[in-house]
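The values are calculated or read from the model by the stated rules, or taken from the named source; none is laboratory data. Treat the numbers as computed from the prediction; the structure is a model and nothing was measured. As a convention, Cβ positions derive from the backbone with ideal geometry for all residues, glycine included, and neighbour counts pool all protein chains shown. Quick note on the areas: whole protein, heavy atoms, side chains included, nothing else; ligands and nucleic acids left out. Shrake-Rupley method; radii C 1.70, N 1.55, O 1.52, S 1.80 Å.
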Amino acid sequence: MLFFSFFKTLIDHEVTVELKNDIQIRGVLKSVDQYLNIKLDNIQVLEEIKYPHMSAVKNVFIRGSVVRYVHLPANAVDVPLLEDATRREAANQAGKGK
Amino acid sequence: MENRSISDPPPPPTGMPHGGPGGMPPVLGRPPPPPQQLPAQMFTTAAQLLDLTDKKLMVALRDGRKLLGILRSWDQFANLVLQSTKERIFVAPGTAPNQPRGLYADIDRGLFLVRGENVLLLGEIDLDKEDDAPPGYDLAEVELVQNLAKQRKQQEKVKEKKKVAMLAKEGFEGENLGEILL
């Protein structure tokens, strides 16, 4: 659930999503759900000429299972807080495992 | 920092004490408004797909197919029902000799039920642009485009096989071995 919460803090920021088929889509993050499905608004496709099917598309719903990377704006990420949260989550998970 | 969690609202800006001298005076008899937080129900698959219902969409599938249709129903796995679906096939420029521009064609397919796992992405089509051909592409005969697409697929298959073989020799395993995502 940690990364779900993390992505929620990035709502309304501009991100670039790279899919497993190498297409890169930049847009404003509008929504995310428990599967890390992502919704982007005002999209712009990198190397647009290679992906003609995207030319008339203005916003997309991307299935979480096909995402390879999400490029984030560095200034929107509170790194110490994320580190902290990650450790806490890991500790919780370890506690549950026992 | 110690006990903040990532889902907490951001801390109030420092250096502006609430109700202090120079700050906003407290409104009598009314508590300050709660911090702005988006409702949890916004962050469900259902909420995301609800906006797209009854809209004309472009659905890209895992096997590389592009479907254009009206989204009529869906569930939490992104299983979809599409109405008045057309499959659009594209061939990149240069597939055939003397073909400087790309070609595309539509095939009527009717009603579709797509299993969620095969969905790559859904895009809402900008109705102002939907009748324009993609830049660098022209509408062409279905049969011509189908044949060219077949050719192209064959070319890519050979290329991909070579690439996978080369990578395998170096000890790499492809992310989608045995399946070409387009």
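Checking the structure you have, find out if any residue of segment A:12-23 is at the interface with chain B (Cβ under 7 Å from one of its Cβ atoms), under 17 Å from B:Asp51 (Cα atoms) and crowded, with 16+ Cβ neighbours inside 10 Å.
At the first step, the residues of segment A:12-23 found to be at the interface with chain B (Cβ under 7 Å from one of its Cβ atoms) are A:19-21.
If we keep only those that are under 17 Å from B:Asp51 (Cα atoms) too, we end up with none.
No, because not a single residue in segment A:12-23 is at the interface with chain B (Cβ under 7 Å from one of its Cβ atoms), under 17 Å from B:Asp51 (Cα atoms) and crowded, with 16+ Cβ neighbours inside 10 Å.
Can we say A:Leu40 is closer than 30 Å to B:Gly102 by Cα, open to solvent by less than 70 Å² (accessible area, probe 1.4 Å) and either within 11 Å of chain B (Cβ to nearest Cβ) or of a type outside the set (S, T, N, Q) (or both)? Even if it seems obvious, please write down each step before you answer.
Numbers: closer than 30 Å to B:Gly102 by Cα: yes; open to solvent by less than 70 Å² (accessible area, probe 1.4 Å): yes; either within 11 Å of chain B (Cβ to nearest Cβ) or of a type outside the set (S, T, N, Q) (or both): yes.
Against the criterion (closer than 30 Å to B:Gly102 by Cα, open to solvent by less than 70 Å² (accessible area, probe 1.4 Å) and either within 11 Å of chain B (Cβ to nearest Cβ) or of a type outside the set (S, T, N, Q) (or both)), A:Leu40 qualifies.
Keeping to segment A:67-88, report how many residues are open to solvent by less than 40 Å² (accessible area, probe 1.4 Å) and within 11 Å of chain B (Cβ to nearest Cβ).
Taking segment A:67-88 first, the residues open to solvent by less than 40 Å² (accessible area, probe 1.4 Å) are A:67, A:70, A:73, A:76-77, A:81-82, A:85.
With the extra rule that they be within 11 Å of chain B (Cβ to nearest Cβ), the set shrinks to A:67, A:77, A:81-82, A:85.
Summing the residues that are open to solvent by less than 40 Å² (accessible area, probe 1.4 Å) and within 11 Å of chain B (Cβ to nearest Cβ) in segment A:67-88 gives 5.
Please state which one of B:Glu156, B:Glu130, B:Glu124, B:Glu143 is more than 10 Å from chain A (Cβ to nearest Cβ) and either open to solvent by less than 70 Å² (accessible area, probe 1.4 Å) or among the aliphatic types (A, V, I, L, M) (or both).
On the way: B:Glu130 fails: more than 10 Å from chain A (Cβ to nearest Cβ); B:Glu124 fails: more than 10 Å from chain A (Cβ to nearest Cβ); B:Glu143 fails: either open to solvent by less than 70 Å² (accessible area, probe 1.4 Å) or among the aliphatic types (A, V, I, L, M) (or both).
B:Glu156 is the lone residue from the list that is more than 10 Å from chain A (Cβ to nearest Cβ) and either open to solvent by less than 70 Å² (accessible area, probe 1.4 Å) or among the aliphatic types (A, V, I, L, M) (or both).
Report whether or not A:Gly97 is of a type in the set (Gly, Ala, Ser) and open to solvent by less than 60 Å² (accessible area, probe 1.4 Å).
Values: of a type in the set (Gly, Ala, Ser): yes; open to solvent by less than 60 Å² (accessible area, probe 1.4 Å): no.
No: the conditions fail for A:Gly97.
The conditions are (1) in contact with a strand residue (DSSP E or B) (Cβ under 6 Å, 6 or more places away or on another chain); (2) part of a helix (DSSP H, G or I), and A:Phe6 fails exactly one of them. Which is it?
Here A:Phe6 meets the rest and fails (1).
In segment A:58-66, is there at least one residue being under 16 Å from B:Pro135 (Cα atoms) and either open to solvent by 60 Å² or more (accessible area, probe 1.4 Å) or among the hydrophobic types (A, V, I, L, M, F, W, C) (or both)?
Of segment A:58-66, the ones under 16 Å from B:Pro135 (Cα atoms) are A:58.
Add one more test, that the residue is either open to solvent by 60 Å² or more (accessible area, probe 1.4 Å) or among the hydrophobic types (A, V, I, L, M, F, W, C) (or both), and what stays is A:58.
Within segment A:58-66, one or more residues are under 16 Å from B:Pro135 (Cα atoms) and either open to solvent by 60 Å² or more (accessible area, probe 1.4 Å) or among the hydrophobic types (A, V, I, L, M, F, W, C) (or both).
Would you mind stating whether B:Gly116 is more than 7 Å from chain A (Cβ to nearest Cβ), surrounded by 12 or more Cβ atoms within 10 Å (Cβ to Cβ), in contact with a Phe, Trp or Tyr (Cβ under 7 Å, 6 or more places away or on another chain) and over 13 Å from A:Met54 (Cα atoms)? Before the answer, list the steps.
On the way: more than 7 Å from chain A (Cβ to nearest Cβ): yes; surrounded by 12 or more Cβ atoms within 10 Å (Cβ to Cβ): yes; in contact with a Phe, Trp or Tyr (Cβ under 7 Å, 6 or more places away or on another chain): yes; over 13 Å from A:Met54 (Cα atoms): yes.
Yes, satisfied.
Filter segment B:80-100 down to the residues that are open to solvent by 40 Å² or more (accessible area, probe 1.4 Å) and part of a loop (DSSP other than H, G, I, E, B) and list them by number.
Selection gives B:Pro93, B:Gly94, B:Pro97, B:Asn98, B:Pro100.
Starting from residues that are of a type outside the set (Gly, Ala, Ser) and under 24 Å from the mean Cα position of the chain (by Cα), keep the ones in segment B:161-176 and report whichever is least open to solvent (accessible area, probe 1.4 Å). Please lay out each step first, then the result.
Looking only at segment B:161-176, we keep the residues that are of a type outside the set (Gly, Ala, Ser), and these are B:161-164, B:166-167, B:169-170, B:172-173, B:175-176.
Now drop any that are not under 24 Å from the mean Cα position of the chain (by Cα), which leaves B:175-176.
Details: B:Glu175: 110, B:Asn176: 40 Å².
Ranking the qualifying residues of segment B:161-176, first place goes to B:Asn176.
Got a number for residues in segment B:44-72 being touching a strand residue (DSSP E or B) at 6+ places or on another chain (Cβ under 6 Å), free of Cβ contacts under 8 Å to residues at least 12 places away in the same chain and open to solvent by 10 Å² or more (accessible area, probe 1.4 Å)?
0
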